[in-house]
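The values are calculated or read from the model by the stated rules, or taken from the named source; none is laboratory data. All figures in this text were calculated on a predicted structure; none of them were measured in a lab. For neighbour counting, all protein chains shown are included, and Cβ atoms are generated from backbone atoms with ideal geometry for every residue, glycine included.
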Amino acid sequence: MKLFPGVPRHQKWMMGVTFVIVAVYSISHNKEQLAEATRTRLTSPTPRIIDGDTAEFPNGRVRIVGIDAPDDDRPQLKAIAADSLQRLAARDGGLDCSASMFDYALRRENQCRTDPKSYGRLNLSCRFPANKASVGASMVAQGYAVDYRMYSGGAYVGLMQKAAAQRAGLWGVDYEGMRQLAIKRATVPDGCAMETIKR
């Protein structure tokens, strides 16, 4: 079977060259972003909390990898989750974020690749400086966020199930809303193979 039947040979050649140039540019651009995110470390004793999984620093905005908190479609839950993260950050010395801080030991599966940036935010993992506790694990365990399987590898599923059973945090405010968010974030998109790691 011929690709592009009826197209002259020189046009096919030009299309091929254009494809290669675009592919090389795209790959190199993504590698630059990934390298930048890997080197990046954002720390602040008083970050501005946007919602339960996003914080703003003087030099950038961070989306906490591996969790998802309610958003604009559930404004009451979003406000409660944001307030919870604000209180935890104030109590425990702010936030310290980098790509290397993810809770790899808790994963149940391989993670899908996380883009270095999304919607102008760096996708990083965070810890509280005072006690080195994982922000993602803390937010899920206290019931203010859910496990985002695609990017967590299921690291926070156990914490989420326990929070749901105890009706902790937002699970006690709107159980069905949190359940729907958890179901949505438990699915894995096509092209992202997940195989359970047996340990």
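Of all residues in the range 113-130, count the ones that are touching a strand residue (DSSP E or B) at 6+ places or on another chain (Cβ under 8 Å), modelled with pLDDT under 90 and of a type in the set (D, E, K, R). Don't jump to the end; show me each part of the working.
Quick first cut of the range 113-130, residues touching a strand residue (DSSP E or B) at 6+ places or on another chain (Cβ under 8 Å) only: 114-129.
Next, from what is left, pick out any that are modelled with pLDDT under 90: 114-121.
Subset that is of a type in the set (D, E, K, R): 115, 117, 121.
So the count comes out to 3.
Is it true that some residue in the range 91-106 is of a type in the set (S, T, N, Q), buried (at least 19 other Cβ atoms within 10 Å of the Cβ), over 15 Å from ASP53 (Cα atoms) and modelled with pLDDT under 95? Spell out how you get there, then give the answer.
If we filter the range 91-106 for residues that are of a type in the set (S, T, N, Q), which is where we start, we get 98, 100.
Then keep just the ones that are buried (at least 19 other Cβ atoms within 10 Å of the Cβ); that gives 98.
Subset that is over 15 Å from ASP53 (Cα atoms): none.
No: the range 91-106 contains no residue that is of a type in the set (S, T, N, Q), buried (at least 19 other Cβ atoms within 10 Å of the Cβ), over 15 Å from ASP53 (Cα atoms) and modelled with pLDDT under 95.
With the requirement that a residue be buried (at least 24 other Cβ atoms within 10 Å of the Cβ), touching a residue at least 40 places away in the same chain (Cβ under 8 Å) and of a type outside the set (Phe, Trp, Tyr), what does the range 126-152 give you?
CYS126, VAL135, GLY136, MET139, VAL140, ALA145, VAL146, ASP147, ARG149, SER152
Taking ALA155 as meeting all but one of (1) under 23 Å from GLU56 (Cα atoms); (2) touching a Leu at 6+ places or on another chain (Cβ under 6 Å), write down the number of the exception.
Unmet condition: (1).
Out of all the residues in the range 92-107, which are among the aliphatic types (A, V, I, L, M) and more than 13 Å from the chain's Cα centre (by Cα)? So that I can check it myself, show each step before the final result.
To start, the set of residues in the range 92-107 that are among the aliphatic types (A, V, I, L, M) comprises 95, 99, 101, 105-106.
LEU95, ALA105, LEU106, listed by residue number.
Assess whether LEU122 counts as being within 21 Å of TYR151 (Cα to Cα), part of a strand (DSSP E or B) and in contact with a helix residue (DSSP H, G or I) (Cβ under 8 Å, 6 or more places away or on another chain).
Numbers: within 21 Å of TYR151 (Cα to Cα): yes; part of a strand (DSSP E or B): yes; in contact with a helix residue (DSSP H, G or I) (Cβ under 8 Å, 6 or more places away or on another chain): yes.
Yes; evaluated as a whole, the condition is true for this residue.
For the range 67-83, which residues satisfy the criterion of being among the hydrophobic types (A, V, I, L, M, F, W, C) and surrounded by 15 or more Cβ atoms within 10 Å (Cβ to Cβ)? Give the derivation first.
At the first step, the residues of the range 67-83 found to be among the hydrophobic types (A, V, I, L, M, F, W, C) are 67, 69, 77, 79-82.
The answer is ILE67, ALA69, LEU77, ILE80, ALA81, ALA82.
Could you grab me the full set of residues in the range 145-191 that are of a type in the set (D, E, K, R) and not in a helix (DSSP H, G or I)? Can you show your working first?
Going residue by residue through the range 145-191, those that are of a type in the set (D, E, K, R) are 147, 149, 162, 167, 174, 176, 179, 184-185, 190.
If the condition is that a residue be of a type in the set (D, E, K, R) and not in a helix (DSSP H, G or I), then ASP147, ARG167, ASP174, ASP190 are the ones that fit.
I'd like to check something: does the range 69-88 contain any residue that is at pLDDT 90 or above, of a type in the set (Val, Ile, Thr) and closer than 16 Å to THR46 by Cα?
Among the residues of the range 69-88, not one is at pLDDT 90 or above, of a type in the set (Val, Ile, Thr) and closer than 16 Å to THR46 by Cα, which makes the answer no.
Yes or no: the range 179-192 includes at least one residue that is within 23 Å of ALA89 (Cβ to Cβ), surrounded by 15 or more Cβ atoms within 10 Å (Cβ to Cβ) and either touching a strand residue (DSSP E or B) at 6+ places or on another chain (Cβ under 8 Å) or modelled with pLDDT of 95 or more (or both).
To start, the set of residues in the range 179-192 that are within 23 Å of ALA89 (Cβ to Cβ) comprises 181, 185.
Add one more test, that the residue is surrounded by 15 or more Cβ atoms within 10 Å (Cβ to Cβ), and what stays is 181, 185.
Cutting the leftovers down to either touching a strand residue (DSSP E or B) at 6+ places or on another chain (Cβ under 8 Å) or modelled with pLDDT of 95 or more (or both) gives us 181, 185.
Within the range 179-192, one or more residues are within 23 Å of ALA89 (Cβ to Cβ), surrounded by 15 or more Cβ atoms within 10 Å (Cβ to Cβ) and either touching a strand residue (DSSP E or B) at 6+ places or on another chain (Cβ under 8 Å) or modelled with pLDDT of 95 or more (or both).
Quickly run through the range 67-88 and pick out the residues that are more than 26 Å from GLN111 (Cα to Cα), in contact (Cβ under 8 Å) with a residue 24 or more places away in the chain and touching a helix residue (DSSP H, G or I) at 6+ places or on another chain (Cβ under 8 Å).
Residues satisfying the conditions are ARG74, LEU77, ILE80, SER84, LEU88.
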